[in-house]
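Asks: Let me begin by handing over the structure; questions about it come next.
What follows draws every value from the coordinates through simple rules; no lab data is involved. Here the structure is a predicted model, which means the values were calculated and not measured. Note that we place each Cβ from the backbone using ideal geometry, even for glycine, and neighbour counts take in every protein chain shown.
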Amino acid sequence: MPLETIKKHPGLWSLQPNLLDYENSCAGFCWDEVGREFDWLPNGKGLNIAHEAVDRHAEMVTGDRLAMRWLGQGGAVLDFTYCDLKRLSNRFANVLRGLGLGKGDTVCVLTGRIPELYLTALGTLKNGSVFCPLFSAFGPEPVRQRLSRGDARVLVTTESNYQRKVAPFAKQLPELRYVLLVDVEEHFDESLLSLRKMMSEAGEEFSIPSTSAEDMAVLHFTSGTTGMPKGAVHVHKAIFTHYTTGKYVLDFHPCDVFWCTADPGWVTGISYGIISPLLHGITTIIDEADFDEVRWCRILETQKVSVWYTTPTAIRRLMRLRERPRLQYDLSHLRLIHSVGEPLNAEAVLWGEDALGLPIHDNWWQTETGGIMIANFPCMEIRPGSMGRPIPGIKAPVVRRLNGDKVGVLEEPDMQGELALRPGWPSMFRGYLHEEERYRKCFAGGWYLMGDLVKRDEDGFFWFVGRADDIIKTAGHMVGPFEVESVLMEHPAVAEAGVIGKPDALAGELVKAFVALKPGFEPAEELRLELTAFARKRLGAVVSPKEIEFQPNLPKNKAGKIIRRFLKARELGLPEGDLSTLEPD
Ligand code: ATP
Ligand code: MG
């Protein structure tokens, strides 16, 4: 760790990373041994996420430790100890049991980041039921689609969400037996019920029924960046990965205050916003409000956040600030920053070092992997722009598809190919719900392939190139959009860039960039020419964009990711495909 970093963050002197020797840890790693970190249910009743995340701590001296601090939009603060979480999630488990719901029944939640969401998640898992989060900003159609495809039996939501997004379709959802409203005092009828009333009447003792490590626990819909979202099935055993990555990547220590900014509507908000920090018995921060530069910096300062997990979108937005946050806020307790969800440009890593006093650790994973797979570890020097190295227990070669079902592993460094994972890690998805064929197509030659293109350098660090669908073929060259976007981001005027291939009679495709500018910069022909020359100097004539178009904002899905297929469809005047997860402009 650079001395400068340690000087700015005195707390770092005393903390050693949990993973000190990467090579050795990988060599000696065995997933089965992770099981020893858990309590398991008494009398051989199996493994249950909520027991390991909450009850186990509640029953020990750690019971009074602060598990979750909720920061309300309007300034309210609610603290939950591990004992509080146990009692309240027991109540919700009893509510479900009282309604006759049990193993395998799916409970969907459509609310903002309110305490009920977290209690519902934990109580559902305790009851052996399946938790399925729905992002609160979804409109009626994406909600209907997920409730239907997810076989929802119960929906927990607000009255207004119900009236606007569910009631009009209620007849199309015969499986949906109960709607529990978080903000009404009385039941409407026998299926439209007041959650508050039911919680107040429910008991605080609950005995978790037998749940096996392989029982379905969480249903996560993917972000819908490449098309129609898929419902990835996850099981209780996923906590083996959540625990291991909490320890080795996020580097949790008992004194940590952790803040994961991802919404629980997405996998990061569940795996790391709830499960992983609780498995480690530490304190986690939940902020109800949406992104706001000043609010976020204040939270880092006042809550003394020590480990922060966020996204490239948020970092790029913070990069628009004129003043460096570390000069305005006391960030001395912060010791680690991580990012996931999209490629993190090298520029952003370096900005972190300068403006926050710490570099940003990028890591790679996806809804289907259930947990972090490739990461920049605290014990390693970061290579800006790289996603890092596979976590212990994960085999991740770069491969190329051959004929039929065969794939060839690319042993040479710096070769571009598809990222592959050896199936069998504990948090791997067990299927796409009701889409057996789509699931089967993810495997070839004994590997799981997700369509992400990468390179691995000679030291084993992975570099993201782009999604297979986004790769641009220009004049016989394969160009990854990320490389071009990252160079554009180095220009002081550029806040965001999205790059696509535009059909061209001569070159096959030409590289076209869409650029959003930082405050203080105006779209002008002069700046366009400057950016063109800037990119050309760094990337060369073939790879650099032939066209640059300014846009106030780039289209993103609700998970905050730039959707290149959408930029392309708009450019070509083609149908835009599934827009259910698109953010309005
Ligand atoms: P869909 O599968 O519905 O198209 P999605 O792939 O965006 O949506 P997620 O599972 O949320 O849904 O995202 C995982 C994908 O995000 C990865 O496969 C990868 O393409 C991208 N990604 C995640 N983290 C990183 C990272 N650190 N660097 C580059 N890409 C990343
Ligand atoms: Mg995907």
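Asks: Tell me, what are the semi-axes, in whole angstrom and largest first, of the equivalent ellipsoid of the range 20-70 as set by the roots of 5 times the Cα gyration tensor eigenvalues?
Replies: Ellipsoid half-lengths, sorted descending, are 26, 18, 9 Å.
Asks: Then there is this: Below 8 Å between Cα atoms, with a sequence gap of 6+, how large is the relative contact order for the range 472-572 in percent?
Replies: 29 percent
Asks: For the range 100-107, what does the Karplus curve 6.51 cos²θ - 1.76 cosθ + 1.60, with θ = phi - 60°, yield as ³J(HN,Hα) per residue in whole Hz, taken in order and with x for Gly and Pro?
Replies: x, 9, x, 4, x, 6, 8, 10
Asks: Through the Karplus equation 6.51 cos²θ - 1.76 cosθ + 1.60, θ set to phi - 60°, convert the phi angles of the range 430-435 into ³J(HN,Hα) values in whole Hz; use x for Gly and Pro.
Replies: Per residue, the Karplus-derived 3J(HN,Hα) values read 9, x, 9, 4, 6, 9 Hz.
Asks: For the range 472-572, what mean projected area does the convex hull of the alpha carbons give, in nm²?
Replies: Averaging across all directions leaves 6.4 nm² for the Cα convex hull.
Asks: Could you tell me what % of all Cα pairs in the range 3-362 have separations over 32 Å?
Replies: Of the Cα pairs, 32 percent sit more than 32 Å apart.
Asks: If you plug each phi of the range 333-345 into the Karplus form 6.51 cos²θ - 1.76 cosθ + 1.60 with θ = phi - 60°, what whole-Hz ³J(HN,Hα) values come out, in order, with x for Gly and Pro?
Replies: 7, 6, 10, 8, 10, 10, 9, 8, x, 8, x, 9, 5
Asks: Using Cβ counts within 10 Å as a stand-in for footprinting exposure, how do Val184, Val109 rank, fewest first?
Replies: Going from least to most buried by this count: Val184, Val109.
Asks: On a C-alpha basis, how far is the centre of the range 392-423 from the centre of the range 61-138 in Å? Whole number, if you could?
Replies: 40 Å
Asks: Indicate, rounded to the nearest 5 percent, the antiparallel portion of the DSSP beta bridges found entirely in the chain.
Replies: Close to 55 percent.
Asks: Would you calculate, for the chain, the mean residue ellipticity at 222 nm contributed by helices, counting each DSSP H stretch of 4 or more residues as -39,500 (n - 2.57) and dividing by all residues, to the nearest 500?
Replies: Mean residue ellipticity at 222 nm (helix-derived): -6500 deg cm²/dmol.
Asks: Using alpha-carbon pairs under 8 Å, 6+ residues apart, how would you state the relative contact order of the chain in percent?
Replies: Computed value for the chain: 12 percent relative contact order.
Asks: As a quick test, which of the pairs Lys395/Lys561; Lys395/Lys455; Lys45/Lys126; Lys473/Lys502 have an alpha carbon distance above 21 angstrom in this structure?
Replies: Correct reply: Lys395/Lys561.
Asks: Which helices, counted as full DSSP H runs in the chain, have an axial Cα extent of no less than 20 Å and a Kyte-Doolittle average of 0.0 or above?
Replies: Passing helices, by number: none.
Asks: Could you line up Met478, Met373, Met428 from fewest to most neighbouring Cβ atoms inside 10 Å?
Replies: If I rank by nearby Cβ atoms, fewest first, I get Met478, Met428, Met373.
Asks: Let me ask something additional. Can you tell me the order of 198-206, 313-321 when each peptide is scored by its average per-residue count of other Cβ atoms within 10 angstrom, highest first?
Replies: Descending packing order for the listed peptides: 313-321, 198-206.
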